[in-house]
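Comments concern the structure below.
The values are calculated or read from the model by the stated rules, or taken from the named source; none is laboratory data. All of these numbers come straight from a predicted model, not from anything done at the bench. Cβ placement follows ideal geometry from the backbone for every residue including glycine, while neighbour counts extend to all protein chains displayed. When the accessible area is computed, the model is the full protein with side chains, heavy atoms only, and any ligands, DNA or RNA have been set aside. Shrake-Rupley method; radii C 1.70, N 1.55, O 1.52, S 1.80 Å.
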Amino acid sequence: MMSEDGGKTMKRLGEMHKHVDNHYIWVNPNDTNQMLVGCDGGIYETYDAAKSWHFKENLPVTQFYKVVTDNAFPFYNVLGGTQDNFSLAGPSRTLSANGITNENWIVTQGGDGFESAVDPQNPDIIYAQSQYGGLGRFDRKSGENVDIRPIEADGQPAYRWNWDAPLQVSQHKPMRVYFAANKVFRSNDRGDTWQVISPDLSRQIDRNTLPVMGKLWSVDAIAKNQSTDIYGNICAFAESKLDENLLYAGTDDGLMHVTTDGGQNWTKIDANGIAGVPERTYVNQIIASQHDKNVVYATFNHHRYGDFKPYVYKSTDMGKTWTAIQNNLPERGTAYTIAEDHVSSNLLFVGTEFGLFVSIDGGQKWSQIKGGLPTVAVRDLDIQKRENDLVLATFGRGFYVLDDYSPLRTLQNALTNTPPLGVGGLGKGAFFSIKDVLQYIPAQPLGLRGKGFQGESYFATPNPAVGSVFTYYLKDDIKTLKERRKEREKALIKDNKDVPYPSIDSLRLEDNQPAPYLLFTITDAEGNTVRRLKAPAKKGLQRMAWDLRHDAPDPVNFNEPDPMNFFSGPEQGPMALAGEYKVALSKFEDGQITEIAAAQPFKVVSLNTITLPAADKKALEVFSKKAMSLARAMGSAQVVYGELNNKIRFLKAAWQSTGGASVDLQKQILGIEKQLLGISTLLFGDRTLSRREFETPTSMLEKSYRIMGNLTGTSAAPTQTMQAAYQSLSKQLTTVVTDLKKTQTDIIILETALDRAGAPATPGRLIDWKEN
């Protein structure tokens, strides 16, 4: 609202195509037509006094309550409900080199979004809800949404729905759906009909009999029952994966119930009777173990009473008795959610008000996981089992994905240096099992990588690296002599002792010692080396990715790609064939290469996204190898041409400054320049024509670029045009190599003559010296 008369009257400011629930407004004091507004939808800006608004779409600050993943292939989707920004669904990654953009996301339900669920066999069937049980069945293909919220029968009391009602698709029957208000509902036909399978499981306390800020308030007290939660309802639900009849429910007033007969009979578990759990606490989450039907976990949230401690509990007898397992979690930081790994029962994750924690020993000890995760409330966790990914719903920073956390299952063994099955180690380091990798060539829908020409306001999250990811553990840094000396000296300084000056010999050893590094050697099924990759020799749990390509055949150079240049990037070789591979880990130290972790196998699987793939993959590989050899030779010809062209430039200048050099030598120089001009025309094209925008025959370099561009940018078979270009280029290169060799010989003769004439030094020419 706004007033133009000091607040006597108010009128709507104007919010066309802008989100509501405003929290903050800034008006430019020098131009009141410009305003910034912060609201439930983010930040909006106007320059025309609210006639139109610009949305700042590049701020990933969504507040997610819940998260779930589907089983879509090749990439699963992430779904969840947001604070006043609907329920959403989007891909965990895409085939695009431009990353995951806002356009990849869809709305599955309006309102404030909450827990979603997906049919495990059909990712197009989505269950999404809005506040207080507004449940819909969303059809991803058509975009249609069927309202399936249970409605009480005539004459029955109204259901009491939680702001964030629990929802789950059965792990036993994909058409079965569970939902809960103050009672538990079950549907066996995807929500078309519902059966009530429990009584009211709450304490059934009138919220108006409970003190607020220490006393009871009048019905006329300001906002007494506005934006006040409906009280006495189910807020947590779990179905056992091991027994379809084993169900748990938890309420907002501190009760849990368990049934072992599918809802016919429920046994009450009062949180008030669990040691250390506050009275009438909110049961934030319950999960049933996937390994032992007797084991169940729960998190309790007491922040509404000003208690911000984490409460994480485990029962080994279906809830009869409980043990606190929050142990060394920070004392301040509500625990909202817990997840149990589907392979190792000892691997647990907990989301708290301030981040993510992991335990590899069943909750005895917790460690915080950061790795780029900001300090933020982690409200919910979901494990995508096929990919071993942990997905986080944060309240204020959107979704986060920890890709393939499976190394954490065997981390303890790596730390104690006793590699188990599936981990290769030789005492100094360890390799973790490598998952099969999908091979594809990323598309560029924006025409370029990254955000293309869209500007920084265009939001895009980079996809994970395309290729095989190697996770490894190095027990200690591989330190240089200098680093070890400085470490010793640091200890002496700390103890206030003398620091002896090192000998010159030891300093010389330090100066001449090559830097250590790690070396990854990738081999194919026949044992042929496909690629070598380097990494810093630093300790800890690390990752390295191979892009599933051969080395680029380009000449060696040490130029770094310019991040500000869209067209500058690392050279790429052709794709390796799908199939079986191995990677071994070695260290380079003091000039010696030593294996420190045994080779681990992995498989490259082609995604076959192309419409017209190469029918004969082996023939494609044969052509690729021939083309790479040709490109390597082309690179050599370019380098040698450049060197010879540079040499003749210096030799020409040397002739001019050498009085004893004959005029005939100048004629030789002109002859060599003419030879180089002919080679240049073949390699780079007729520059006399191209500089003047005339059509020119395709140069050797352009043919080479087009052939290699096809091989690096597509998995299609080489066209007849490309094969003809290869044959043409091969013949031309034979001529150019012959001409370059002749030119090399001619320059050597010229250098010898200039040397005799007393010419000054030039690049690549060593002047012989004999003492007079």
Members of segment 67-84 that are under 11 Å from Ser116 (Cα atoms) and either in a loop (DSSP other than H, G, I, E, B) or open to solvent by 30 Å² or more (accessible area, probe 1.4 Å) (or both) = Asp70
Six or more apart or on different chains, Cβ under 6 Å: which pairs go from a residue in segment 218-242 that's over 26 Å from Gln290 (Cα atoms) to one that's open to solvent by 20 Å² or more (accessible area, probe 1.4 Å) and not in a loop (DSSP other than H, G, I, E, B)? Could you list them?
-> Tyr231/Arg207
Scan segment 664-675 and give yes if some residue there is touching a Ser or Thr at 6+ places or on another chain (Cβ under 8 Å) and surrounded by 13 or more Cβ atoms within 10 Å (Cβ to Cβ), otherwise no.
-> yes
For segment 134-159, which residues satisfy the criterion of being in contact with a Lys or Arg (Cβ under 9 Å, 6 or more places away or on another chain) and of a type in the set (S, T, N, Q)?
-> Asn145
Restricting segment 516-526 to residues that are under 30 Å from the mean Cα position of the chain (by Cα) and either assigned to a loop (DSSP other than H, G, I, E, B) or on the phi > 0 side of the Ramachandran plot (or both), which is surrounded by the most Cβ atoms within 10 Å (Cβ to Cβ)?
-> Pro516
Subset tally (residues that are under 30 Å from Leu438 (Cβ atoms), of a type in the set (Gly, Ala, Ser) and assigned to a helix (DSSP H, G or I)) for segment 705-729 = 2
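Does Asp317 satisfy the condition of being touching a strand residue (DSSP E or B) at 6+ places or on another chain (Cβ under 8 Å) and among the acidic types (Asp, Glu)?
Values: touching a strand residue (DSSP E or B) at 6+ places or on another chain (Cβ under 8 Å): no; among the acidic types (Asp, Glu): yes.
So Asp317 fails the test.
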From the set of residues in segment 6-51 that are surrounded by 14 or more Cβ atoms within 10 Å (Cβ to Cβ) and polar (S, T, N, Q), which is nearest to Gln454 (Cα to Cα)?
-> Thr46
Within segment 583-612, can you find the residues that are under 23 Å from Ile441 (Cα atoms), within 26 Å of the chain's Cα centre (by Cα) and of a type outside the set (A, V, I, L, M)?
-> Pro601, Phe602, Lys603, Ser606, Asn608, Thr609
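What residue, among those in segment 94-110 that are without any contact (Cβ under 8 Å) to a residue 60 or more places away in the chain and of a type in the set (S, T, N, Q), is nearest to Leu59 (Cα to Cα)?
Within segment 94-110, the first condition is being without any contact (Cβ under 8 Å) to a residue 60 or more places away in the chain, and the residues that meet it are 103-110.
Those left that are additionally of a type in the set (S, T, N, Q): 104, 108-109.
Working: Asn104: 16, Thr108: 21, Gln109: 22 Å.
Here the answer is Asn104.
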Taking segment 527-558 and the residues there that are over 21 Å from the mean Cα position of the chain (by Cα) and of a type in the set (Asp, Glu), the one that is farthest from Ser586 (Cα to Cα) would be Asp554
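Restricting to segment 681-717, name every residue that is polar (S, T, N, Q) and within 21 Å of Glu621 (Cβ to Cβ).
The first filter runs over segment 681-717 and keeps only residues polar (S, T, N, Q), leaving 681, 688, 690, 696, 698-699, 704, 710, 712, 714-715.
Once the filter is applied, which keeps residues that are polar (S, T, N, Q) and within 21 Å of Glu621 (Cβ to Cβ), segment 681-717 yields Ser704, Asn710, Thr712, Thr714, Ser715.
Within segment 191-205, can you find the residues that are open to solvent by less than 40 Å² (accessible area, probe 1.4 Å) and touching a strand residue (DSSP E or B) at 6+ places or on another chain (Cβ under 9 Å)? Outline the logic, then answer.
So in segment 191-205, the residues open to solvent by less than 40 Å² (accessible area, probe 1.4 Å) come out as 191, 197-198, 200-202.
Scanning segment 191-205 gives Gly191, Ile197, Ser198, Leu201, Ser202.
Being farther than 11 Å from Phe357 by Cα and either in contact with a strand residue (DSSP E or B) (Cβ under 7 Å, 6 or more places away or on another chain) or basic (Lys, Arg) (or both) is the filter here, so list the residues in segment 331-340 that pass it. Break it down stepwise before answering.
So the first thing to find is which residues in segment 331-340 are farther than 11 Å from Phe357 by Cα, and the list is 331-334, 336, 340.
Those that are farther than 11 Å from Phe357 by Cα and either in contact with a strand residue (DSSP E or B) (Cβ under 7 Å, 6 or more places away or on another chain) or basic (Lys, Arg) (or both): Arg332, Gly333, Thr334, Tyr336, Glu340.
Would you confirm, using the coordinates I've provided, whether Pro91 is free of Cβ contacts under 8 Å to residues at least 40 places away in the same chain, closer than 30 Å to Ser142 by Cα and either out of contact with any Leu (no Cβ under 9 Å at 6 or more places or on another chain) or surrounded by 14 or more Cβ atoms within 10 Å (Cβ to Cβ) (or both)?
For Pro91, the condition - free of Cβ contacts under 8 Å to residues at least 40 places away in the same chain, closer than 30 Å to Ser142 by Cα and either out of contact with any Leu (no Cβ under 9 Å at 6 or more places or on another chain) or surrounded by 14 or more Cβ atoms within 10 Å (Cβ to Cβ) (or both) - is met.
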Members of segment 177-211 that are under 37 Å from the mean Cα position of the chain (by Cα) and at positive phi = Arg190, Gly191
Can you find even one residue in segment 477-484 that is open to solvent by 60 Å² or more (accessible area, probe 1.4 Å), within 27 Å of Ala97 (Cβ to Cβ) and in contact (Cβ under 8 Å) with a residue 24 or more places away in the chain?
-> no
Looking at segment 112-132, is at least one residue β-branched (Val, Ile, Thr) and under 22 Å from the mean Cα position of the chain (by Cα)?
-> no
Residue ranges of strands (runs of 3 or more DSSP E) in segment 128-190 with at least 1 members modelled with pLDDT of 95 or more and crowded, with 21+ Cβ neighbours inside 10 Å = 134-139, 167-169, 177-180, 184-187
Those residues that are within 16 Å of Val107 (Cβ to Cβ) and either within 20 Å of the chain's Cα centre (by Cα) or touching a residue at least 60 places away in the same chain (Cβ under 8 Å) (or both), I need them from segment 40-66; list them, please.
-> Glu57, Thr62, Gln63, Phe64, Tyr65, Lys66
Could you tell me whether Gln727 is modelled with pLDDT of 95 or more, open to solvent by 80 Å² or more (accessible area, probe 1.4 Å), out of contact with any Asp or Glu (no Cβ under 9 Å at 6 or more places or on another chain) and polar (S, T, N, Q)?
-> yes
